[in-house]
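The values are calculated or read from the model by the stated rules, or taken from the named source; none is laboratory data. Note that the structure is predicted; figures quoted are calculated from it, not measured. Heads up, the Cβs are rebuilt from the backbone with ideal geometry, glycines too, and the neighbour counts pull from every protein chain shown.
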Amino acid sequence: MTDNPKDRPWLFRTYAGHSTAKASNQLYRSNLARGQTGLSVAFDLPTQTGYDSDHELARGEVGKVGVPVSHLGDMRALFANIPLDQMNTSMTINATAPWLLALYIAVAQEQGAELSKLQGTVQNDIIKEYLSRGTYICPPEPSLRMITDVAAYTQQHLPKWNPMNVCSYHLQEAGATPEQELAFALATATAVLDDLKGKVAPEHFPAMVGRISFFVNAGIRFVTEMCKMRAFVELWDEITKQRYGVEDPKFRRFRYGVQVNSLGLTEQQPENNVYRILIEMLAVTLSKNARARAVQLPAWNEALGLPRPWDQQWSLRMQQILAYESDLLEYEDLFEGNPAITRKVNALKEGARAELAQIDGMGGAVKAINYMKTRLVEANSERIACVEDGRTTVVGVNRWTQGEPSPLTSGEETILIADKCAEADQIAGLLHWKETRDETLVNSALAELRAAARSGENLMPASVRAAKVGVTTGEWGDLIRAEFGQYRAPTGVSPAPSNRTEGLDDIRAAVDTVTRKLGRRLKFLVAKPGLDGHSNGAEQIASRARDCGMDISYGGIRLTPGEIIDSAISEAPHVVGLSILSGNHIPLVEELFGLMETENLSHIPLIVGGIIPDDDAARLRSIGVARVYTPKDFELNRIMLDIVDLVGAKSSQN
């Protein structure tokens, strides 16, 4: 033991939520009993995108990737017997952040909590949603308004609350280099602060700068990742002092939480993921001067499906052992003055400044969304190519692929199976909620919210009142869509071929051969049905198919099966590919097949990619899906050859 006083550990969190509010509440209370010190709420896709659980687009999505919260009753159930004035709650919510915060406030007040004591965070970062995650609703300008409405409201009523978690996590998952992750996140933060300056008094602005927090990613190159975090600390201090004139060092402090990189978790030899998670955690804990305020770790088996409570406990224990059994928290920063670290930090800062200058020259982050999206797709293409050709080693994936069978993945119930009755129960509860509320109060609250949207006044007071009288998530979302309009973000996928055609000669020749047989260019329709906004895979498939010489059609995210059929009729593709990562693959594919049969399109082969368990993959093939791809199918060129073979075989039959 040293004589040094031990630092307080970071917050231990587990990103969790599934099935129903009641089931998620049980999970939260269980995790807290095991030593978790903060809550991190995962909401389902309908909640994230402002739809009620009974909406057409919500079919099959309810409770899949998080907890459904359709109204105040759901939020009550979610936090039952959890005193919110004693919690530090992180809510990963963006487009509907004003609404979910309003529901949280209403429940806290019902519990008798003083709002000034509430601690926590709403992510509330819409720019990142346009670039990588896809759960946006409105165009950028009104979305930015809602971000700063939340910030201005918390300044007055929830002074301990972080009104925005600038999120670079999904930027890295979308392919961002460390320099891009730094620059794009900092550009987002400055766009928000520039807008916020007009909404709070000058004397309160420095404190509001101090309430902006960040949520980052930490990948396997943990030395580079640690240097990235030190670069974040130094650049944020520089920006807040020089751009905004913040003099108090505590308001210039870079405060961040982290989830380590789920993208790097592998379906092959998934037990190796335990080591990846541990190494990635070191990147955000070893350096005291750049240590995370809160850490949440994924479970080792997330590439296979939903983790069980035991899997989440294993990740929590990893944090507890590092914080309480090791001597890490007894020492000053271990890397201060290290010349190698300093050189790397300076190089990252230089690269980030160059990107920031480019974005500033375009008018800031909002104006540069298309530029940033294109850069991410290009960077992700390079990342995937490095794994494919072996320049990047991934143990168990492209090297040392043979191994002993894992006892951790044998037998039944190795992943959590979602409650099949949860969606029906949620919809029944929603209908009962609507039947028993006071419609006069609901209509009055919606009229007040509509007036606030049109007048430009802060939307939060009207949202809180709407929450208290029983307005639903879908009603709030519908009003926002009606007043501010809907938006389709750029895909980052150009129809023009890139310069990445090296090594594709054989595939391009095969595409040309099939094209001659068909009498026109092989046409590939790539589509993302449902509410799942994780578009990285679809973008890379579309980009590689384009570079292989196919005529591609990719319209972006959140398409209904009917819209996909409309595209198939107008585009006349030779093959249709679906990307579905939310676990909703079977209902969506069944619906699409029914529509294809109705429209006489059953002759078009359908391929599907996503996080698809083996049993589900067999089911999809049995109902007619030509090919099923999961994360283990990382070699995109093999997928391209499969497509050529499918279309070639089909053309020979005709």
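Table: residues versus (1) in contact (Cβ under 8 Å) with a residue 24 or more places away in the chain; (2) crowded, with 24+ Cβ neighbours inside 10 Å; (3) more than 24 Å from Val200 (Cα to Cα).
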| site | (1), (2), (3) |
| --- | --- |
| Arg59 | yes, no, yes |
| Ala113 | yes, no, yes |
| Gly120 | yes, no, no |
| Pro163 | yes, yes, no |
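Can you name every residue in region 79-98 that is out of contact with any Ser or Thr (no Cβ under 6 Å at 6 or more places or on another chain) and either without any contact (Cβ under 8 Å) to a residue 40 or more places away in the chain or assigned to a helix (DSSP H, G or I) (or both)?
Our first condition is that a residue be out of contact with any Ser or Thr (no Cβ under 6 Å at 6 or more places or on another chain); within region 79-98, this holds for 79-89, 91-93, 96-97.
Pro83, Leu84, Asp85, Gln86, Ala97, listed by residue number.
Go through region 243-270 and report how many residues are in a helix (DSSP H, G or I) and surrounded by 16 or more Cβ atoms within 10 Å (Cβ to Cβ).
Looking only at region 243-270, we keep the residues that are in a helix (DSSP H, G or I), and these are 249-251, 270.
When the remaining residues are screened for being surrounded by 16 or more Cβ atoms within 10 Å (Cβ to Cβ), the result is 251, 270.
The qualifying residues number 2.
Let's see how each residue does on (1) assigned by TED's automatic domain parsing to the domain that holds Thr630; (2) at pLDDT 95 or above; (3) within 19 Å of Arg638 (Cβ to Cβ):
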{"position": "Arg558", "(1), (2), (3)": "yes, no, no"}
{"position": "Leu581", "(1), (2), (3)": "yes, no, no"}
{"position": "Asn584", "(1), (2), (3)": "yes, no, no"}
{"position": "Leu592", "(1), (2), (3)": "yes, yes, no"}
{"position": "Glu597", "(1), (2), (3)": "yes, yes, no"}
{"position": "Pro605", "(1), (2), (3)": "yes, yes, yes"}
{"position": "Val608", "(1), (2), (3)": "yes, yes, yes"}
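For region 464-476, state whether one or more residues are out of contact with any strand residue (DSSP E or B) (no Cβ under 9 Å at 6 or more places or on another chain), closer than 25 Å to Phe634 by Cα and either assigned by TED's automatic domain parsing to the domain that holds Glu61 or touching a residue at least 12 places away in the same chain (Cβ under 8 Å) (or both).
First, the residues of region 464-476 that are out of contact with any strand residue (DSSP E or B) (no Cβ under 9 Å at 6 or more places or on another chain): 464-476.
Applying the additional criterion that residues be closer than 25 Å to Phe634 by Cα yields none.
No, region 464-476 has no match at all.
Would you pick out the residues in region 31-58 that are among the polar types (S, T, N, Q) and at pLDDT below 95? Reasoning before the result, please.
The first filter runs over region 31-58 and keeps only residues among the polar types (S, T, N, Q), leaving 31, 36-37, 40, 47-49, 53.
Scanning region 31-58 gives Asn31, Gln36, Thr37, Ser40.
Tell me, please, whether a residue that is out of contact with any Phe, Trp or Tyr (no Cβ under 6 Å at 6 or more places or on another chain), outside any loop (DSSP other than H, G, I, E, B), among the hydroxyl-bearing types (Ser, Thr, Tyr) and at negative phi can be found in region 25-32. Reasoning before the result, please.
Step one: filter region 25-32 for residues out of contact with any Phe, Trp or Tyr (no Cβ under 6 Å at 6 or more places or on another chain), giving 25-32.
Going one step further and asking which of them are outside any loop (DSSP other than H, G, I, E, B), we end up with 25-32.
Still in the running and among the hydroxyl-bearing types (Ser, Thr, Tyr): 28, 30.
In the following step, the residues that additionally are at negative phi were identified as 28, 30.
Yes, the conditions are met somewhere in region 25-32.
Looking at Ala447, is it in a helix (DSSP H, G or I), of a type in the set (A, V, I, L, M, F, W, C), surrounded by 15 or more Cβ atoms within 10 Å (Cβ to Cβ) and not assigned by TED's automatic domain parsing to the domain that holds Ala21? Working first, answer last.
On the way: in a helix (DSSP H, G or I): yes; of a type in the set (A, V, I, L, M, F, W, C): yes; surrounded by 15 or more Cβ atoms within 10 Å (Cβ to Cβ): no; not assigned by TED's automatic domain parsing to the domain that holds Ala21: yes.
Answer is no for this residue.
Within region 227-272, can you find the residues that are within 20 Å of Ala294 (Cα to Cα) and small (Gly, Ala, Ser)?
Scanning region 227-272 gives Ala231, Gly257, Ser262.
For region 524-538, state whether one or more residues are aromatic (Phe, Trp, Tyr), in contact (Cβ under 8 Å) with a residue 24 or more places away in the chain and either farther than 27 Å from Ile137 by Cα or in the same structural domain as Glu129 (by TED's automatic domain parsing) (or both).
Yes - at least one qualifying residue is present in region 524-538.
Just the residues that are closer than 29 Å to Gly175 by Cα and among the small types (Gly, Ala, Ser), please, taken from region 83-139.
Result: Ser90, Ala95, Ala97, Gly120, Ser132, Gly134.
Give me the pairs, please: first residue somewhere in region 628-651 and under 18 Å from His574 (Cβ atoms) and at pLDDT below 95, second residue anywhere and in a helix (DSSP H, G or I) and polar (S, T, N, Q), beta-carbon distance under 9 Å, and either six or more positions apart or on two chains.
Once the first residue is under 18 Å from His574 (Cβ atoms) and at pLDDT below 95 and sits in region 628-651, its partners that are in a helix (DSSP H, G or I) and polar (S, T, N, Q) give Gly648/Thr513.
Do the conditions hold for Gly533, that is, is it of a type in the set (Gly, Ala, Ser) and out of contact with any strand residue (DSSP E or B) (no Cβ under 8 Å at 6 or more places or on another chain)?
On the way: of a type in the set (Gly, Ala, Ser): yes; out of contact with any strand residue (DSSP E or B) (no Cβ under 8 Å at 6 or more places or on another chain): yes.
In short, yes.
Counting only residues that are surrounded by fewer than 14 Cβ atoms within 10 Å (Cβ to Cβ) and either touching a residue at least 40 places away in the same chain (Cβ under 8 Å) or in the same structural domain as Ser553 (by TED's automatic domain parsing) (or both), which one in region 479-493 is farthest from Val377 (Cα to Cα)?
Step one: filter region 479-493 for residues surrounded by fewer than 14 Cβ atoms within 10 Å (Cβ to Cβ), giving 482, 485-486, 488.
Restricting the remaining residues to those that are either touching a residue at least 40 places away in the same chain (Cβ under 8 Å) or in the same structural domain as Ser553 (by TED's automatic domain parsing) (or both) gives 485-486, 488.
Values: Gly485: 26, Gln486: 23, Arg488: 17 Å.
Across region 479-493, the extreme among qualifying residues is Gly485.
Only one of (1) of a type outside the set (S, T, N, Q); (2) more than 27 Å from Thr473 (Cα to Cα); (3) assigned by TED's automatic domain parsing to the domain that holds Glu129; (4) not in a helix (DSSP H, G or I) fails for Val41. Which number is that?
Val41 satisfies every listed condition except (2).
Go through Val442, Val394, Val377 for me and flag whichever is touching a helix residue (DSSP H, G or I) at 6+ places or on another chain (Cβ under 8 Å) and not assigned by TED's automatic domain parsing to the domain that holds Glu181. Can you show your working first?
Details: Val394 fails: not assigned by TED's automatic domain parsing to the domain that holds Glu181; Val377 fails: not assigned by TED's automatic domain parsing to the domain that holds Glu181.
That would be Val442, the only listed residue that is touching a helix residue (DSSP H, G or I) at 6+ places or on another chain (Cβ under 8 Å) and not assigned by TED's automatic domain parsing to the domain that holds Glu181.
Here are some residues: Ala368, Ala357, Ala352, Ala303. Which one is assigned by TED's automatic domain parsing to the domain that holds Ala189, surrounded by fewer than 18 Cβ atoms within 10 Å (Cβ to Cβ) and aliphatic (A, V, I, L, M)? Outline the logic, then answer.
Working: Ala368 fails: surrounded by fewer than 18 Cβ atoms within 10 Å (Cβ to Cβ); Ala352 fails: surrounded by fewer than 18 Cβ atoms within 10 Å (Cβ to Cβ); Ala303 fails: surrounded by fewer than 18 Cβ atoms within 10 Å (Cβ to Cβ).
Going through Ala368, Ala357, Ala352, Ala303 in turn, the sole match is Ala357.
Would you check which residues across region 342-359 are under 20 Å from Phe222 (Cα atoms) and out of contact with any helix residue (DSSP H, G or I) (no Cβ under 6 Å at 6 or more places or on another chain) and list them?
Residues of region 342-359 under 20 Å from Phe222 (Cα atoms): 342-352.
Across region 342-359, the qualifying residues are Thr342, Arg343, Asn346, Ala347, Glu350.
Need the failing condition index for Lys344 against (1) surrounded by 19 or more Cβ atoms within 10 Å (Cβ to Cβ); (2) part of a loop (DSSP other than H, G, I, E, B), just the number.
The one condition Lys344 does not meet is (2).
Mind listing whichever residues of region 598-630 are assigned to a loop (DSSP other than H, G, I, E, B), of a type outside the set (S, T, N, Q) and under 17 Å from Val576 (Cα atoms)? Let's see the steps before the verdict.
Our first condition is that a residue be assigned to a loop (DSSP other than H, G, I, E, B); within region 598-630, this holds for 599-605, 610-613, 623-626, 630.
When the remaining residues are screened for being of a type outside the set (S, T, N, Q), the result is 599, 601, 603-605, 610-613, 623-626.
Within region 598-630, Glu599, Leu601, His603, Ile604, Pro605, Gly610, Ile623, Gly624, Val625, Ala626 qualify.
Taking Lys420 as meeting all but one of (1) among the basic types (Lys, Arg); (2) without any contact (Cβ under 8 Å) to a residue 12 or more places away in the chain; (3) part of a helix (DSSP H, G or I), write down the number of the exception.
Exception for Lys420: condition (3).
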